[in-house]
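The values are calculated or read from the model by the stated rules, or taken from the named source; none is laboratory data. Since this is a predicted model, take the numbers as computed values, not measurements. Please note: Cβ atoms are built from the backbone with ideal geometry, for glycine as well, and neighbour counts cover all protein chains shown.
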C-alpha cells in the first residue's frame, strides 16, 4: 500500500470555479502535512503547510482530518495560472517525507 | 528566500559512465536530500544527509552514492550509469523545524538525466 494516495485527475474546471482535491495517508503517526505545486518540467514548490485546525492562504484552504487520515486542498475562484500538478506530502519523522503522485489541474478559460 | 541550485538542468550520459550531480543551498540547512521523480511513481528518496559527512539511505539507494564534504553542498554520484537511471533528479534542503515550525523542504530546479 502506498504511503500517500491521490487521485491523478486531471480535473478540468472553468475559470472562477471552486475545486477540491483530497489525499489519503496510511501512517496514523504522520506528523506534518503539506501541499506542493509543480508546474510542467519544474521543481515542486511549497504551496502551504497543513495545520490541524485547518488554514487558509488567500484562495487556498487546507484541511486535515486525522481520524480519517486525509488532507484536502480547496481552491476558490480558480485562475488560469492555477493550472499545475498538486502534490500531497506527508512527513513521518524529521527526514522521512512521502509524496503522492500528484493531482493534475487544468483551468480553462 | 531559500535558494537551492543544481549544477545542470539537462545531462546526457552513456551507459557505464560515472555521473556527478551537484546541489548547493544557501540557507545553512543541515538536512539535504536527493530524490528522483518518474511518471506515475512520484518522488522517491535516494539518500539524505543530516550533517557534513553524515548520510543515510533512502528508499532506493541502489546504484547511487552521495558525498557531503561541506554543509552547503550535497552531491549525488551514479557509479556506473544505467538506462534505468534516466530520470528527473531533484535536490532539496529542509528547514530546521522546531516547536512551532514544521519541517519544510525546498527544491532545486532539477536535473533531467538521460542515460543512453
Starting from residues that are within 12 Å of chain B (Cβ to nearest Cβ) and either farther than 21 Å from residue A:77 by Cα or modelled with pLDDT of 95 or more (or both), keep the ones in the range A:49-60 and report whichever is nearest to the chain's Cα centre (by Cα). A:51
Filter the range A:79-93 down to residues that are buried (at least 19 other Cβ atoms within 10 Å of the Cβ) and more than 14 Å from residue A:47 (Cβ to Cβ) and give me whichever is farthest from the other protein chains (Cβ to nearest Cβ). A:90
Given the options A:98, A:36, A:86, name the one that is at pLDDT below 95 and in a strand (DSSP E or B). A:98
Among the residues that make up the range B:16-24, is at least one of them within 14 Å of chain A (Cβ to nearest Cβ), modelled with pLDDT of 95 or more and within 30 Å of residue A:7 (Cβ to Cβ)? no
Counting only residues that are within 14 Å of chain A (Cβ to nearest Cβ) and farther than 23 Å from residue A:33 by Cβ, which one in the range B:68-109 is surrounded by the fewest Cβ atoms within 10 Å (Cβ to Cβ)? B:109
